[in-house]
Structures are given as structure tokens and as C-alpha cells.
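Contents: one structure, followed by commentary.
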Amino acid sequence: MLTLNSADTYTLTTLPNGLRVFTVPLPDRYSVAIAVYLGVGSRYETAETAGVSHFLEHMLFKGSQRYPTPDKISLAVEGVGGSLDGFTTYARTAYTARVPAAHYITALDVLADMLRHPRLRVADVAKERKVIQEELSMVADEPESWLALLADELMFGDHPLGRPVHGTAASLRAMRPATLQAHLDAFYRPNNTVIALAGAFDPAQALDQVAARLGDWTPGPPPDFLPAPALPPGPRVRLGARRMEQAHLRLTVPGLSMFDPDRHTLQVLSALLGDGMSSRLFLDLRERSALAYHVYSDDGYEHDTGALILYAAVDPSRATRAVRVLLGHLWRLRDEPVTAAELAKTKEYIKGGLLLSLEDTAEIADSLASQAVVREEILTAADLVERIEHVTASDIQRVARRLLHPEQLHLTIVGPFEGQDRFLALLKEGT
């Protein structure tokens, strides 16, 4: 059994305005990581405001009341040897900083001022629109990224989960400071925010510093989003035709929500299938058959939906064979129980990753904040190890039989192909 240490324990304090603050004091570390997560992302947007969460995240780095320009913000953190970052997903917007321990109050002050008092200037919005348009162009030029966008569209259509987190060309053109301000006012509320600090700091002092900057932040009504749509039955294919040297394949099966009790079993199933160089997909498609250099599986979880994803990049002439191999691995999981040795190896691989993450203050802070902002249950590494340990071979086969059916298959392809009929026929072979 795993013995708990200081990196796997935390204190949660909820301020009167609803702001949740996690503190993980680690006196033997040299850094402090701060993670600020807000429970809002692109799935909370309409078609007209698509991309506003991501655009606002960018804008918070352009200037605030106490740090009025981008260089003032960056220099305040980088000037003491730290780093500052932000990102947006379907359900979360995050701002993170990691600094030498002596300077954590400075980093906290920067983050708090960015959250509370951003300067959403017209000129900055106009410039950042061009930056994000370049970001969209970069995604379109990267086959794997474009593949992911096409896969989301295939799965969810004209639903927020089917749109790019960055927004669309049309929604970016329409983005104005008033739109960003309205989003800030509606969703940037203390009762929709979690802050986690991990590293070498005094927890009482840290709570005082957080309260001094964010304790008078006014709460608001909780946000809501459009539920995930019901997916139409039948295998489906989406082709992104493009002249290129490789074909990029993404086979997606609807998965589980973040609240589903089987999600830890699916995590083991996915890792066994394609996480690491000892996984089935890597050993088969790369080591044995030399079909692919880049191949993996992944599992994703949202409030009310999820996905199991298989990816491979192959020579276009071998794409049909690669799809057959990927399908064969799915059906094998459904039809054959996993051996005790392979299950034990996969569990150790997952547990090792969890335990290694405890050495990184940023990983600790991110894990707590990202969990808490979307659900009430907080799982430490010890909790996760215990749940992984309890997964059995029969659990994996049961979940495989629950999820893996031909009518649930979604295949997305980017490559030099003129039609998708042959790929659709492959998916229908098992129906």
C-alpha cells in the first residue's frame, strides 16, 4: 500500500465568498506553484460567442490595473526566475505560475490582479484577434491538431463540444471588448474559482495573502452549459483530404463522464492499449509491423460525456491495414480477458506516473485545482492508486463490452484520399 507523504495531503479552506483555496506546504522544495482554475470553458459558449473563454484568457496577459502592460506582467514573474501560463479547455480556464519560494506572493499578486482588474483595451483586442487567428492557422497546418478538430465535429456536430476551443473565424471577427467584459462578469466569480498552492510557504500567511486580494470578490450565480447531444447510431467517417506524406488516423469511441464509476477501469484499458512503449498498439503497429512511428491511445472525460481515442500516423498506402489493426485491438479487448501479467504491468505504469507527479509542485497544484473546479470529489494520488489497484481483468472486459460496438465507431482521417467509402466499409464489417 502507498504511504501518504506531505505531497499527497492538503488543506482546503473556503472563504466566505465561496473561493476555495488548497494549500500543500512542502518545506523541502525550492519553489511554489500556484494554479487558478475557473469552471468555464468553450462548452459554456454560444455560436456567436465561440472562443470568448480562450480570447479572454489571452487578454488577461495584456495588462491589469497594477501591471498595465504585457511586459509588466511577464517581467514581474519572469524577472524573479518564474514562469506564467494559461490555457482553456471545454470546461476549464486556468492560469498558473511557478516561482522560487521567496517570490510566491509576487506571483499571487500578479494572478489576482489579472483576474480582478484586466484592462480590456480596444487596441489590445484588435491585436490579439490577429494572434489568435494565427493560432487557428497553426492548428490547421498541424495534421494531428486538425484531425482532432475534425473528430470533435464528427462526434458532436454544431454543439459547443464540436467547435474549436479557439472559436471560429466568424466569431473571432465579431469579438469585442464588451463581449469579453460580459464573459468576465458572468463567469469570473469566486464561487466558480479554485486556487491551489503547493511548495515551500507558510500556509497561514498564504491564506491571508489570498484573502487580502480576493476576499472581497463578489460571488455570482453558478454557470451552466448545454448538455452533450445524443450521438446518432451507426459508424461514421470524416475525411480531411490533403496532399501529404502521411495519413493521420483517429478512431474515436464515445467514452465515459468524469463521474462514471467505471472511469478508472477505462483509464487502465486505455493505458494497456496505447500508453507507453510497452502498450499493445506501440508493440504491434511500431515494433512488430512497422506500420507507424507515432501511435497511441487516450481517454478523455467531461461532465456528461467522454471518449476513447486511438491515433496512428501511417503511409497512406497502408491506411486501410492500419484501421483494421486498430479495430482488431478494440475487439480483442472485448472478446479476450487481459492476462494477469499484462494487467499488473499496466497498473504499475499508471501508478508510477501518479507517484512521480508528486515530485512536481506544479503537478500537485494543477491536480487539486482542476479536480475541484468541476466536481466535489477530490482524489489524491493515494486514492487514485487504490482505485487503479482494484481494477480487474473482468472489469476491463465488461467496460470494453459496454463501450466497444461497431455502431459507436467514429473514424477521422487526414491524408491524400479522394473518398471515404472504403473506410466506412471497414467500420461496417463488424456490424
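Read the figures in this text as sums done on the coordinates, not as results from a lab. For clarity, every value in this text was computed on a predicted model and none was experimentally measured. A quick note on method: Cβ atoms are made from the backbone with ideal geometry, for glycine too, and the neighbour counts reach across all protein chains shown.
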| query | Gap in Å between the Cα centre of the stretch 308-349 and the Cα centre of the stretch 51-91? | reply | 40
| message | Distance between the C-alpha centers of the stretch 191-213 and the stretch 271-290? Whole Å please. | response | 43
| note | Going residue by residue through the stretch 378-388, the Karplus relation 6.51 cos²θ - 1.76 cosθ + 1.60 with θ = phi - 60° gives ³J(HN,Hα) values, rounded to whole Hz and with x marking Gly or Pro, of 10, 10, 7, 4, 5, 4, 5, 4, 4, 5, 5
| said: Suppose we keep just the alpha-carbon trace of the stretch 13-116; what are its Rg and Dmax in angstrom? | reply: 14.7, 49
| said: Give me, ordered by chain and number, the residues 5 or more places off ALA247 or on other chains with an amide H under 5 Å from its own placed amide H. | reply: VAL314, ASP315
| said: As an exercise, identify the GluC sites (Glu not before Pro) in the stretch 28-57 lying in DSSP coil whose Cβ has no more than 16 other Cβ atoms within 10 Å. | reply: GLU48
| query | Compactness ratio of the chain: Cα Rg over 2.2 N^0.38 Å, N = residue count? | reply | 1.03
| So if we plug the beta-carbon distance of ARG332 and GLU135 into 1/(1 + (r/R0)^6) with R0 = 30 Å, what FRET efficiency do we get, rounded to 0.05? | 0.15
| task | List the lysines whose Cα lies under 30 Å from the Cα of LYS62, skipping any in the same chain that are fewer than 8 positions away. | result | LYS72, LYS127, LYS130
| note | Once phi for every residue in the stretch 11-21 is put through the Karplus expression 6.51 cos²θ - 1.76 cosθ + 1.60 (θ = phi - 60°), the whole-Hz ³J(HN,Hα) values, with Gly and Pro written as x, are 10, 10, 10, 9, 6, x, 8, x, 5, 9, 10
| Amide H of GLY306: which non-local residues (sequence gap of 5 or more, or other chain) have their own amide H closer than 5 Å, using H built in the peptide plane? | GLY255, LEU256
| query | Rounded to two decimals, what is Rg over Rh for the stretch 285-334 when you use alpha-carbon atoms and the Kirkwood radius? | reply | 1.05
